[in-house]
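One structure is given here, and the rest of the page talks about it.
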Amino acid sequence: MRVLEIHGVTGDSKIIVGGHLSNLPIPTRDAFIITDTTVRHYYQKDFPPFQAIEIPTGENTKNLNTVKEIYEQLLRLEADRSSFIVGIGGGVVCDIAGFVASTYLRGLQFGLVPSTLLSQVDAGVGGKNGVNLGGYKNLVGAFNQPEFVICDTNLLETLPQRELLSGFAEIVKHALIANADLFSYLEGNCEKALKLDREVIENLVYDSLVVKTSIVNGDEKEKGERRKLNFGHTFGHAIEKSMGISHGEAVSAGMVIASAISRKRGCLSAKDTERIEALIEQLKLTTRLRVNRKSVLDAIRKDKKRKGESLHFVLLKGIGNAVVEEIPMIELETMANEILSP
């Protein structure tokens, strides 16, 4: 078991890699669990003995209607300001549980048990909580740190491969933006990682979180350094929205596009560009997609990172070395038109 910490404006958060769902450090007997149908089916026997509020699975659940239904259940169950919220599930559950806890009665303490590889290395950690609005991701939300995040890698064993791959995409991202050694470790351990070798997976989760917690500790509310965590996500989110594919597929394709843009701007070498694409292929992730250019570019124009007629875009100056630059939208669109398949 290894521990990392985030020290935020809203409080401190302890991240435990190798902890267990059956042993959560809940500081009160007045707690409520928010989970989804699938996670409850597989793991309810290990849940702590508290009232569970169940929501449907899937990204379509992550909206204000679901939040309203949870508020109403908490009201009926007489939750008060001493209550504690525990989110047990993937990224959707973690985002919703964090948002509900941050807003109900003007804020309750909460903890998270991310159940997917993606949520263990990304959505469950960092204090960003939110829901989608009008089909656009995370437009409504709040920064608020959970008391704890328990990364129980045993929960990964019931994941379908598609969900695992989404998590590997985020691990690749963390390696690319700030840890060249993690990238090399992935290159040498792809097969074991895909087979969920316990030692390899725990190393990947921990080393990935070292990158994320370090960045969040320096820039909790995404004013500068934390923007690096968006590498591959500008195009990734746009592709995900316009094509309806999984987060991992979209982000892996987005990272290939961002790497190509980095190379076009003279930041990234051809050799590193090839290594990135080769690793993404080794991990059975997507490198090329046929997309609707207009739909993708329309979605990018609605990106939260846009600033007037430019956009904060994450480029690579090498594997493990990311920079954020403000790129004019017209330049980004011109390069995208050259790179994207019709």
- Item | Over 32 Å (Cα to Cα) - which of K62/K284; K128/K284; K14/K223; K14/K137; K45/K241 fall in this group | K45/K241
- How many angstrom separate the Cα center of segment 112-183 from the Cα center of segment 188-209? 15
- When a/c is below 1.5 the answer is rounded, else prolate if a/b is larger than b/c, else oblate, so apply that to segment 1-98 with a ≥ b ≥ c taken from the square roots of the Cα gyration tensor eigenvalues. rounded
- Rounded to 10°, Cα long-axis angle of helix 91-103 versus longest principal axis of the chain: 60
- To the nearest 500 deg cm²/dmol, what mean residue ellipticity at 222 nm is calculated for the chain from DSSP H runs of n ≥ 4 alone, each contributing -39,500 (n - 2.57), summed and divided by the residues? -13500 deg cm²/dmol
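Which of the three applies to segment 206-342, rounded, prolate or oblate, going by the alpha-carbon gyration tensor with a ≥ b ≥ c and a/c under 1.5 meaning rounded? Please list the in-between numbers first.
Details: a/c = 1.36, a/b = 1.12, b/c = 1.21.
Rounded.
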- Query: By how many degrees, 0 to 90 and rounded to 10, does the Cα axis of helix 64-76 deviate from the longest principal axis of the chain?
  - Reply: 10
- Is segment 210-252 best put as rounded, prolate or oblate by its Cα gyration tensor, with a ≥ b ≥ c the root eigenvalues, rounded for a/c under 1.5, and otherwise prolate when a/b is larger than b/c, oblate when not? prolate
- Query: Picking from F84, F99, F47, which is most flexible by a Gaussian network model of the chain using Cα springs under 10 Å?
  - Reply: F47
- Task: Any chance you could give the angle, 0 to 90 degrees and rounded to 10, that helix 198-218 forms with the longest Cα principal axis of the chain?
- Result: 80
- Item | Highest-MSF residue in the chain out of G98, G224, G89 [GNM, Cα springs under 10 Å] | G224
- Over all directions, average the projected area of the Cα convex hull of the chain and note it in nm². 15.5
- Give the carbon-plus-sulfur fraction of the accessible surface of the chain in %, rounded to a whole number; probe 1.4 Å, heavy atoms of protein chains only. 46
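Based on DSSP, what percent of beta bridges with both residues in the chain are antiparallel, to the nearest 5?
Numbers: 22 of 45 bridges.
Counting only bridges with both partners in the chain, antiparallel ones make up about 50 percent.
The values are calculated or read from the model by the stated rules, or taken from the named source; none is laboratory data. Note that the structure is a prediction, hence the values are computed from the model and not measured. Just so you know, the surface numbers come from the protein's heavy atoms only, side chains and all, with ligands and any DNA or RNA stripped out. Shrake-Rupley method; radii C 1.70, N 1.55, O 1.52, S 1.80 Å.
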